[in-house]
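Worksheet for the structure shown next.
The values are calculated or read from the model by the stated rules, or taken from the named source; none is laboratory data. If you're wondering where the values come from, they're calculated on a predicted model, not measured in any experiment. With ideal geometry, Cβ positions are generated from the backbone for all residues, glycine too; neighbour counts draw on all protein chains shown.
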Amino acid sequence: MTHKVYQNAKEACSDIFSGASIMSGGFGLCGIPENSIDALTQLPITDLTIISNNIGNSGRGLVKILVQDKIKKAYCSYVGGNPDLEKRLLNESLEVELVPQGTFSERIRAAGLGIRAFFTPTGYGTLIAEGKEVREFDRSCVLETALSADFAIIKAEKGDPYGNLWFKETARNFSPLMAMAAKTTIVEVEQLVDFGEIPAEDVHLPGLFVQRIYQGKDYLNDIEFLKLEGDEVNS
Amino acid sequence: MSQTPPPWNKSQMADKVITHIQRGSSVNLGIGLPTLIAERLPESLEVMIHSENGVLGVNGRPTSTTVSPTLINAGKETIRVSSSASFFDSALSFGMIRGGHIDCAVLGGMEVDVEASLANWMIPGKKVTGMGGAMDLVNGPKTVIVMMSHFSKSGESKLVKKCSLPLTGYDVVDLVVTDYGIFRPTGKDFEVVEIADGVSKADLQLP
């Protein structure tokens, strides 16, 4: 069972096309698919729709393709710390849909699990609810629809050739949800392991949701804000 | 009238918030000022700190040998976790929040009004941070506390009759802790729960 295993990012991402929608895992720079993002920078593609919580940060992660003007539309929840994105949002050179983070993750989860839409109290009475159906339950709730994509690019700590994945610490975030919501999920791993090395009880995402997997390399694993015990607290 | 410096510093504000956190509860701490609370929570309170990027059981900072790039809080700062901690994906994390399983959320703010609405994610045409998890965090936890400076840089009270900035949530705030006192929005005005020493009610410019 090795038909899902690709040699590298270039091979795994080669058919990503102009106009494609791409989900990209990671919270800030934690758990981002570094190799697949680098592969996107090398592809002659444009007009991408990117669905990612932060769209990278200060020159790193997805900012690399943002500054190449490959992105037409972005879905994200947080712009803080990403001046390249905030600038394009304020001067309207990029279409940005800001989605509350819980609604963002639930819309992606819903798409992956066959739920077309759901009512949530999040965003009621705010700009986010404008133009959306509101219904009264115990509280006023806003109708939100599922969010799917052509591709998901994600990273896991360990994966086997079927695509069973195990994520480390807080690097899981949106990645397993995105894997479920995309037609083609491309996974890069720190360690491509043999079957059985991830005990079945400990599989965080069943390989059913993974179409391609490859052994990644040269990870930066950047820390955005290093805080250590004993650091002076700003009071 | 805003004083320089304000009567309560950031650590004192954090300590005031802590007096409103119940023993054994689960608490989400927002980016910015509320982060300070984690540093000052006494262990005896047995609080489980939740961070929406997918961890319950945040417990201080790592050492230079235990630090890990995959172990961070929602402010993207490196953290340590307790032996009772757990990790999960973002949908489950926000399910904990929206589902009412997190007892208390503490957020920063730009404006809070008498109707208990909060604005903290954008200044139209000038600044957009995005709402991140804030719109979910004000809709779910049993208690929502806003921790912010009382006055803006231009000296205006940030406790207002009606928010002028785009809302994060409508009718969601239970308590506001500022560097001048503690306040509860009632729908018509702000009830003064506590006021810092040497401050008169007139100083607060309450609506």
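Structure notes:
- As a summary of the residue check, B:HIS101 satisfies the conditions (1) surrounded by fewer than 22 Cβ atoms within 10 Å (Cβ to Cβ); (2) under 27 Å from B:PRO5 (Cα atoms) except for the one numbered (2).
- Screening A:GLU34 with (1) within 12 Å of chain B (Cβ to nearest Cβ); (2) acidic (Asp, Glu); (3) over 22 Å from A:TYR162 (Cα atoms) gives one miss only, at (3).
- Those strands (runs of 3 or more DSSP E) of region A:145-235 in which at least 1 residues are among the acidic types (Asp, Glu), considering only elements entirely within it, cover A:149-159, A:182-192.
- Options B:ASN120, B:ASN73: the member that is buried (at least 22 other Cβ atoms within 10 Å of the Cβ), farther than 25 Å from A:ASP202 by Cα and touching a strand residue (DSSP E or B) at 6+ places or on another chain (Cβ under 9 Å): B:ASN120
- Looking only at region A:1-27, and only at residues there that are at pLDDT below 95 and not hydrophobic (A, V, I, L, M, F, W, C), the one that is surrounded by the fewest Cβ atoms within 10 Å (Cβ to Cβ): A:THR2
- Only one of B:THR143, B:THR129 that is over 19 Å from A:VAL142 (Cβ atoms), within 11 Å of another protein chain (Cβ to nearest Cβ) and within 17 Å of the chain's Cα centre (by Cα): B:THR129
- When each of B:ILE97, B:ILE49 is tested for being more than 10 Å from chain A (Cβ to nearest Cβ), under 23 Å from B:ASP136 (Cα atoms) and either in contact (Cβ under 8 Å) with a residue 60 or more places away in the chain or within 18 Å of the chain's Cα centre (by Cα) (or both), the lone residue that passes is B:ILE49.
- Hits in region B:1-31 (condition: modelled with pLDDT under 95 and facing chain A (nearest Cβ under 10 Å)): B:ILE31
- Some residue of region B:95-102 being within 28 Å of B:SER149 (Cβ to Cβ) and either in contact with a strand residue (DSSP E or B) (Cβ under 8 Å, 6 or more places away or on another chain) or not aliphatic (A, V, I, L, M) (or both): yes
- Candidates B:THR78, B:THR65, filtered to the one that is surrounded by fewer than 17 Cβ atoms within 10 Å (Cβ to Cβ) and free of Cβ contacts under 8 Å to residues at least 40 places away in the same chain: B:THR65
- Restricting region B:13-55 to residues that are in contact with a Gly (Cβ under 9 Å, 6 or more places away or on another chain) and on the phi > 0 side of the Ramachandran plot, the residue that is surrounded by the fewest Cβ atoms within 10 Å (Cβ to Cβ): B:GLU46
- Residue list for region A:79-93, filter: touching a Lys or Arg at 6+ places or on another chain (Cβ under 9 Å), closer than 23 Å to B:ASN120 by Cβ and more than 7 Å from every other protein chain (Cβ to nearest Cβ): A:GLY81
- Qualifying position, being in contact with a helix residue (DSSP H, G or I) (Cβ under 8 Å, 6 or more places away or on another chain) and either outside any strand (DSSP E or B) or surrounded by 24 or more Cβ atoms within 10 Å (Cβ to Cβ) (or both), among A:ILE32, A:ILE55, A:ILE45: A:ILE55
- Matching residues, region A:94-135, being within 11 Å of chain B (Cβ to nearest Cβ), hydrophobic (A, V, I, L, M, F, W, C), in a loop (DSSP other than H, G, I, E, B) and touching a strand residue (DSSP E or B) at 6+ places or on another chain (Cβ under 8 Å): A:VAL99
- If you go through region A:191-235 and keep only what is within 13 Å of chain B (Cβ to nearest Cβ), exposed (fewer than 13 other Cβ atoms within 10 Å of the Cβ) and closer than 18 Å to A:GLU169 by Cα, you end up with A:ASP202, A:LEU220, A:PHE225.
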